[in-house]
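Structure first, commentary second.
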Amino acid sequence: TATTTEKGGEKAKKTRYANGTTKEVYANGDTIIHFTNGDIKKASGGTTEYYYSEVDTWHTTYHNGIEVFHFPSGQIEAHFPNGTK
């Protein structure tokens with residue numbers, strides 16, 4: 001089912017799928033997806049952020065291919081397109 005919602009003054013089309021996943025799409029193209037397992041995926045301006053709820057870790061992928069992981073211990077890892085870390 002689709003509805004319209006407002007967050008921070010911005011309106012978004014919110015869709016709830018049969019499996020319980022919800023997706024919000026904003027006028028500027030940003031999207032936020034909430035999965036039933038607690039994971040979250042955000043996409044904005046060529047950057048994608050994915051939150052793995054089971055391990056409390058954020059994985060950010062930038063438009064240039066760099067991937068950054070933020071672990072609950074405070075450790076931060078950057079992975080570059082050429083394979084270096």
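Every read-out reported here was derived from the displayed coordinates using simple, explicitly stated rules and does not represent laboratory data. Source: prediction; values computed, not measured. As a convention, Cβ positions derive from the backbone with ideal geometry for all residues, glycine included, and neighbour counts pool all protein chains shown.
Values for this structure:
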read-out	value
Calculated from backbone phi, Karplus (6.51, -1.76, 1.60) coupling profile of region 11-26 in Hz, x at Gly/Pro	8, 9, 8, 10, 10, 10, 8, 4, 7, x, 5, 10, 10, 10, 10, 9
Amide H within-cut-off set for Asp39, under 5 Å, with H built and near neighbours excluded	Ser53
Cα→Cβ-extended label distance, 7 Å offset, between Asp39 and Ile66, nm	2.5
For Phe71, net neighbour charge (Lys/Arg +1, Asp/Glu -1) across residues whose Cβ lies under 11 Å away	-2
Relative contact order (percent, whole number), the chain, Cα cutoff 8 Å, 6+ residue spacing	13
Three principal axis lengths of the chain [C-alpha, angstrom, descending]	43, 27, 22
Of Lys23/Lys85; Lys13/Lys42; Lys41/Lys85, those spanning more than 21 Å from alpha-carbon to alpha-carbon	Lys23/Lys85; Lys41/Lys85
